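Asker: Handing you this structure, nothing more for now.
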Amino acid sequence: MDNNFVSINEIEKQSKFTSQIRALIQGKGYRAFVITLGCQQNEADSEKIASMLKKMGYEITLDEREAHILIVNTCAIREHAEKRALSIIGRFKHYKAKNPDIIIGVCGCMSAQEHRINQLKHSYHYVDFTLGTGALHRLPELIFNSMNGAKRHFDIDEIKPKIAEGIEPLRQSDYKAWVSIMYGCDNFCTYCIVPYVRGRERSRKMEDILSEIKDLAGRGYKDITLLGQNVNSYGKDLKGTPTIADLLDEIAKIDGDFMIHLMTSHPKDASKQMIRALKENPHCANHFHLPLQSGSDEVLNRMNRRYTTERYLEIINGLRENSDDITLTTDIIVGFPGESEKDFEKTLDIIKKVRYDSIFTFIFSPRKGTPAYQMEDQIPEEIKHQRYERLCEVQNEISKEINEGYIGRTIRVLVDGKSKNNENVYTSRTEGNKIVHFECDKDYTGKFINVKITRTDTFALYGEII
Ligand code: SAH
Ligand code: SF4
Ligand code: F3S
């Protein structure tokens, strides 16, 4: 089991590289730029990358033009994400042409695929290294080697990932935090690249997670998201096999005014114990994101999701028994291979039945190396787009109606800061992540306040501070 963790020797080795880099660049005013694509897991990884760079002596900059090291943290979930990553990497070419000492590294999910590693090695000569998602702790070594004229580094074996404890993230926010509770995924949904690029499920030890949350709560963090591709299967690989319910029960005992979100859950592992633990935990936000993907049992079966719509609806009922005004959100894929008009209508039906607050709709994007990439009956782009539009239309109407029900209610929100478009308007979020705008002449960013809702539309609520 402990094979899942990076050894102390390895961590010490990396910290020696960190000190050596620090000595090399001391007093030179070197800067590092990190750009992040993809999901919260990548955001969390980038906070660790930034913290490692800072320890090496780099100052973190938001301006790529002044950077001495450029890191692209990539995503591979859909074709669009990969195209964006390649175009960013492409743009970095001229920095290296101007200054050959600049170091360019590519990490994240895109660069954890063999064909992409080869592409970066052979067609992007100015990229110094790729770094697998489970080998982030080796960043100091790779940078040190690049600085000292070593060969460019492209290693497919890094895809066998491990957990490195002790890398304190450089958190971007002082009131919202990501806490990874597990890494990787064992589910192999037939459309999804994640299990191939993030490796097998590995859980962090409960004591490490709890001490991180206690520390955050003590420092006044208000919104803590427990991250994992499938947080419901937390602990299966740990000694004593603790469950997500056990973890939530321990988090419940931590003092502080903070809320807990879970990101993401898989319906096949959503147990009664977890629903009970959510209900009893005063910190758990009144929100649940439960990806459905499709409303057709046949499509779910071909997606290898391993639940039926009937089982899915039971879980939704369980969550609604916990709280009848829980905010529910989901992910839907339209245009999965072989999705018939009937299948798609079943998705529309379930969307109308559940009445989610909002949904994330994705057009199926075939990912090389996944079973769905080779499935017959790929759906024409035009039909995929039409279904996407039809689904959004149905959902937008539901979101609008649900939001209207908030008019007159006073709700607690966490303030995110000034709205970009309007001087005196602030943006905030409810426990369920609904956006709430309100006018105020005092800055409550990072604090909970109460807002009375006076007006709503499809995507946001508007109100007055109480
Ligand atoms: N582990 C999470 C999902 C992470 S990916 C879960 O199982 O809930 C986030 C979402 O991207 C998925 O829920 C799915 O809806 C979507 N997605 C994944 N692969 C995709 C693909 N090949 N094409 C389109 N959407 C995809
Ligand atoms: Fe992908 Fe499925 Fe794993 Fe989520 S559970 S990351 S959709 S394989
Ligand atoms: Fe993208 Fe990797 Fe997240 S593929 S969605 S960054 S796990």
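The values are calculated or read from the model by the stated rules, or taken from the named source; none is laboratory data. Please read these numbers as outputs of a predicted model, since none were measured by experiment. Positions of Cβ are backbone-derived with ideal geometry, glycine not excepted, and every protein chain shown enters the neighbour counts. Accessible surface areas use protein heavy atoms only, side chains included; no ligands, DNA or RNA. Shrake-Rupley method; radii C 1.70, N 1.55, O 1.52, S 1.80 Å.
Asker: Across the stretch 13-19, in residue order, what do the Karplus-derived ³J(HN,Hα) couplings come to in whole Hz, using 6.51 cos²θ - 1.76 cosθ + 1.60 with θ = phi - 60° and x for Gly and Pro?
Answerer: Each residue's phi maps through the Karplus curve to give 4, 5, 6, 5, 4, 4, 5 Hz.
Asker: If each DSSP helix of 4+ residues adds -39,500 (n - 2.57) and the sum is divided by the residues in the chain, what number results at 222 nm, nearest 500 deg cm²/dmol?
Answerer: Counting only the DSSP helices, I get -11000 deg cm²/dmol.
Asker: Return the equivalent ellipsoid semi-axes of the stretch 176-404 as a descending list in whole Å, where each equals the square root of 5 times an eigenvalue of the C-alpha gyration tensor.
Answerer: Result for the stretch 176-404: semi-axes of 32, 21, 15 Å.
Asker: Related question: Using the Karplus curve 6.51 cos²θ - 1.76 cosθ + 1.60 with θ = phi - 60°, work out ³J(HN,Hα) for each residue of the stretch 178-189 in order, rounded to whole Hz, and write x for Gly and Pro.
Answerer: 9, 10, 6, 10, 7, 10, x, 7, 10, 7, 6, 4
Asker: What are the ³J(HN,Hα) values, in whole Hz, obtained from phi via the Karplus relation 6.51 cos²θ - 1.76 cosθ + 1.60 with θ = phi - 60°, for each residue of the stretch 365-380 in sequence order, with x given for Gly and Pro?
Answerer: Along the stretch 365-380, the couplings run 10, x, 10, 4, x, 9, x, 5, 4, 9, 5, 6, 6, 5, 8, x Hz.
Asker: A follow-up question, please. What is the sum of charges around Ile25, taking Lys and Arg as +1, Asp and Glu as -1, for the other residues whose C-beta is under 14 Å from the C-beta of Ile25?
Answerer: +3
Asker: Pairs of alpha-carbon atoms within less than 8 angstrom and 6+ residues apart define the contacts here; what relative contact order does the chain have, in percent?
Answerer: The normalised contact order for the chain reaches 10 percent.
Asker: Something else: Across the stretch 190-267, what fraction of all alpha-carbon pairs, as a whole percent, falls in each successive 5 Å bin from zero upward?
Answerer: All Cα pairs, binned at 5 Å, distribute as 3, 14, 24, 24, 16, 11, 6, 2, 0 percent.
Asker: Calculate the length of the line joining the C-alpha centroid of the stretch 402-466 to that of the stretch 277-324, in whole Å.
Answerer: 27 Å
Asker: Under 5 Å between amide hydrogens, which residues at least 5 positions from Cys284 or on another chain qualify, with H placed 1.01 Å from N in the peptide plane?
Answerer: For Cys284, whose amide H was placed from the backbone, the distant partners under 5 Å are Ile260.
Asker: To the nearest 10 square angstrom, how much accessible area does Glu401 have with a 1.4 angstrom probe?
Answerer: Near enough 80 Å² of accessible area.
Asker: What's the local net charge at Gly149, with K and R +1, D and E -1, over the other residues with C-beta under 13 Å away?
Answerer: Net charge in that neighbourhood comes out at 0.
Asker: Just the accessible area for Lys48, please: 1.4 Å probe, Å², rounded to the nearest 10?
Answerer: Spelled out: Lys48, probe radius 1.4 Å, area about 40 Å².
Asker: Same structure, new question: Counting pairwise Cα distances across the chain, what percent come out greater than 44 angstrom?
Answerer: For the chain, the share of Cα pairs beyond 44 Å comes to 14 percent.
Asker: Using amide H atoms built 1.01 Å from N in the peptide plane, name the residues 5+ places from Thr133, or on other chains, whose amide H lies under 5 Å from its own.
Answerer: Gly108
Asker: Name the shape class, rounded, prolate or oblate, that the alpha-carbon gyration tensor gives for the stretch 67-165, where a ≥ b ≥ c are the square roots of its eigenvalues, rounded holds for a/c under 1.5, and otherwise prolate holds if a/b is larger than b/c and oblate otherwise.
Answerer: Because a/c hits 1.5 or more and a/b fails to exceed b/c, the stretch 67-165 counts as oblate.
Asker: Would you mind computing, in nm to one decimal, how far apart the modelled labels at Lys452 and Arg200 are, each placed 7 Å from Cα along Cα→Cβ?
Answerer: Label at Lys452, label at Arg200, 5.8 nm between them.
Asker: Please list, ordered by chain and number, the residues whose modelled amide H lies under 5 Å from the amide H of Asn230; skip anything fewer than 5 residues away on the same chain.
Answerer: Counting only residues 5 or more places away or on other chains, the set is Thr264.
Asker: Same structure again: So for the stretch 2-159, considering every pair of alpha-carbon atoms, how many percent are separated by more than 25 Å?
Answerer: Value for the stretch 2-159 (Cα pairs over 25 Å): 23 percent.
Asker: Could you compute the net charge surrounding Glu298? Neighbours are other residues with a C-beta less than 10 Å from the C-beta of Glu298; K and R count +1, D and E count -1.
Answerer: 0
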